[in-house]
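What follows is a single structure, written as structure tokens, with notes after it.
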Amino acid sequence: MALTENCRTYQTPKDSGCAQSCSSDVVELNVGGQVYYTRHATLTSVPNSLLGKLFSAKKDVSNDLAQDIKGRYFIDRDGFLFRYVLDYLRDRNVVLPDYFPEKGRLKREAEFFQLPELVKILTPDEYIHGDFDEASQGSDQRLFPASYLDARDRRYGFITVGYKSSCAFGRDADPKARGTPKIFICGRVGLAKEVFGDTLNESRDPDRPAERYTSQFYLKFRHLERAFDILAESGFHIVACNSSVTTAPHNRRTDDRYWSNNTEYVFYRKYSLFHNNIQPVGPR
């Protein structure tokens, strides 16, 4: 596999007084706009990997890798996740932050760079229950692959419920002139789908991966109490609440004003819930 149009061995200036031998082992890479400096030995530490093949002493790297305007080798991949690829090449292990939502994408990077051992590290041993797609379509069985609900940080978390409503007040204002209230859902996509199922409207943020976060989903119903019941039945508890009111002139000739109310409720589900074999109940 060739990365055509894609990574420069760092050369010090001729007048720097440093011999070529002291700089030829340092490689400067531009990965998706992120600049990295690393040793040639690090890139070739796994000989059968893509980087090991590209930077092999037997191969002319310049034939396969494009350079950016500063002469750095350019690799058109995720620049943020490449740091973990380098960590693995250095230590044969990778330590991810707590609540790391990019594990699926990092696994894809490991596959691209042909690092099978890193892929194994990032791959759960088994599936908890079947197919995520069934759950995302509102299945009451709540089936999820281990890649989503494996470890410590998948089956618990926060969901924020936002309620927005508006109305006009004043001498000439119509008391029935109210804006349609909406209930917004913010949080991890997979968790929101598990809890609210087919009552969730995803039209503002379609095709969002399960491990990513969203603030654009909203519910198809308008009653906050129903949302609270669903969350309670799914094992969530409210931990915070915040409300704000804004106003603006509704009619320049009168004192009528247009009021908007925004309230947010933050819910949390503990990890221990699922280790006590208490299963959440789906939305009704």
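The values are calculated or read from the model by the stated rules, or taken from the named source; none is laboratory data. Treat the numbers as computed from the prediction; the structure is a model and nothing was measured. Ideal geometry is used to build each Cβ from the backbone, glycine not excepted, and the neighbour counts take in all protein chains shown. SASA here: full protein model, heavy atoms, side chains in, ligands and nucleic acids out. Shrake-Rupley method; radii C 1.70, N 1.55, O 1.52, S 1.80 Å.
So the values come out like this:
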quantity	calculated
Pairwise label distance in nanometres, ARG90 with ARG108, each label 7 Å out on the Cα-Cβ vector	2.6
Where labels lie 7 Å past Cα in the beta-carbon direction, separation of GLU225 and LYS70 in nm	6.1
Trypsin sites (Lys or Arg not before Pro) within the stretch 84-125, DSSP loop, no more than 13 other Cβ atoms inside 10 Å	ARG92
For the stretch 26-122: relative contact order, % (alpha-carbon pairs under 8 angstrom, 6 or more apart)	27
At 1.002 mPa s and 20 °C, Stokes D of the stretch 26-122 from Kirkwood alpha-carbon radius, µm² per second	156
With all protein chains modelled, accessible area of HIS223 [1.4 Å, Å²]	120
With all protein chains modelled, accessible area of THR263 [1.4 Å, Å²]	10
3J(HN,Hα) from dihedral phi, the stretch 192-204, Karplus parametrisation 6.51/-1.76/1.60, rounded to Hz, x for glycine, proline	5, 5, 4, 6, 9, x, 7, 7, 8, 9, 9, 5, 7
Protection proxy ranking, peptides 29-39, 201-211, average beta carbon neighbours within 10 Å, highest first	29-39, 201-211
Phi-based couplings in Hz for the stretch 45-54 (Karplus 6.51, -1.76, 1.60; Gly and Pro marked x)	5, 10, x, 8, 6, 4, 5, x, 6, 5
Computed E for LYS120/ARG83 - FRET, C-beta separation, R0 22 angstrom, nearest 0.05	0.65
